Amino acid sequence: MPDPTGPTGFPCRPSILVTGATGNLGREVVDRLQAHGAHVRCLVRDRAAPRPGVEWAVGDLTIPAALRAALVGIDAAFLIWPLLDSAPANDLVAELIAAAPRVVYLSSTAVVDERDAADAAVAVLLGHYDQLDDKPPLLTGPEVLGRADQVALLGVALRRRLRFQAATADLSRSRMLTGGGSEQLVEALLAASLRRPESNRITDHVERLTGRPAGTFARWAIDHAGEFS
């Protein structure tokens, strides 16, 4: 009798719950899961437009009953935590682990192409990767870039002369509040920017998870140039 499970022990067509599915990274994850033949269920706050092969579950990560309903019949879950404070996510991760055999929790990344992050996440969700060390993967790009470096590369991609100038905390606060940001979010972003330690670390975890090197920021800028025009 044929074995109905794949190499990971999942059914041949695993069911994956994706949170943050309407964002830039979430959309990439959904696309890749569908390409692998997975059944995808997306947890969203508001019902989205119909999409072939995608099941929508309307709910909120902070409402336990809605989350548990979305987890019924799920083999693995992909979590993007939407808040700056990750402490409240601990209980949520525990809830996910209790319901699904495999959970991928993306807490934060360095400067990395969202396509690389999606490829890495899907490799772990489906078990298509070589086992890493016991520590969680740390995704980075192939080079260390400061803000000025990124702006310069964007300028090359856009064929425009761009210049980076750091803004003061007061000016940043004023602009974000004027742009519609909530006071709580703005203050959290400013506090995080002041506490963020500098890091020159580069890892090969994208390549070890996906089988190919991480893409460069220059390539990302060229591919996304149309979004800046």
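Things worth noting here:
- Rounded to the nearest 10 square angstrom, Ser182 shows an accessible area of 60 square angstrom against a 1.4 Å probe.
- Calculated from backbone phi, Karplus (6.51, -1.76, 1.60) coupling profile of the range 180-194 in Hz, x at Gly/Pro: x, x, 6, 4, 5, 5, 4, 5, 5, 5, 5, 5, 5, 5, 7
- Residues of the range 103-229: accessible area per residue with a 1.4 Å probe, Å²: 67 Å²
- Restriction of the chymotrypsin sites (Phe, Trp or Tyr not before Pro) in the range 171-229 to DSSP coil positions whose beta-carbon has at most 13 other beta-carbons within 10 angstrom yields Phe228.
- Ligands, DNA and RNA left out, the accessible area of the chain computed with a 1.4 Å probe is 53% carbon and sulfur.
- Fraction of beta bridges assigned by DSSP in the chain that are antiparallel (%, nearest 5): 5 percent
- Along each principal axis, Cα extent of the range 25-113, largest first, Å: 35, 35, 26
- Full extension of the segment from Leu158 to Asp134, taken as 0.36 nm per residue of separation minus the current Cα-Cα distance, would add 4.5 nm.
- In loop segments of the range 120-187 as defined by DSSP, the trypsin sites (Lys or Arg not before Pro) with at most 13 further C-beta atoms inside 10 Å of their C-beta are Arg159, Arg160, Arg161, Arg163.
- Couplings 3J(HN,Hα) of the range 146-157, computed from phi: x, 4, 5, 5, 5, 4, 5, 5, 5, x, 4, 5 Hz, in residue order, whole Hz [Karplus 6.51 cos²θ - 1.76 cosθ + 1.60, θ = phi - 60°; x for Gly and Pro].
- With loop membership from DSSP and a limit of 16 other Cβ atoms within 10 Å, the longest segment of the chain without GluC sites (Glu not before Pro) is 1-142.
- FRET efficiency estimate (nearest 0.05) - Cβ-Cβ, Thr168 to His224, R0 25 angstrom: 0.35
The values are calculated or read from the model by the stated rules, or taken from the named source; none is laboratory data. Predicted model, so just to flag it, every value in this text is computed and none were measured. Methodologically, a virtual Cβ is constructed for each residue, glycine included, from the backbone with ideal geometry; neighbour enumeration extends over all protein chains shown. Note: accessible area is taken over every heavy atom of the protein model, side chains too, but ligands, DNA and RNA are not part of it. Shrake-Rupley method; radii C 1.70, N 1.55, O 1.52, S 1.80 Å.
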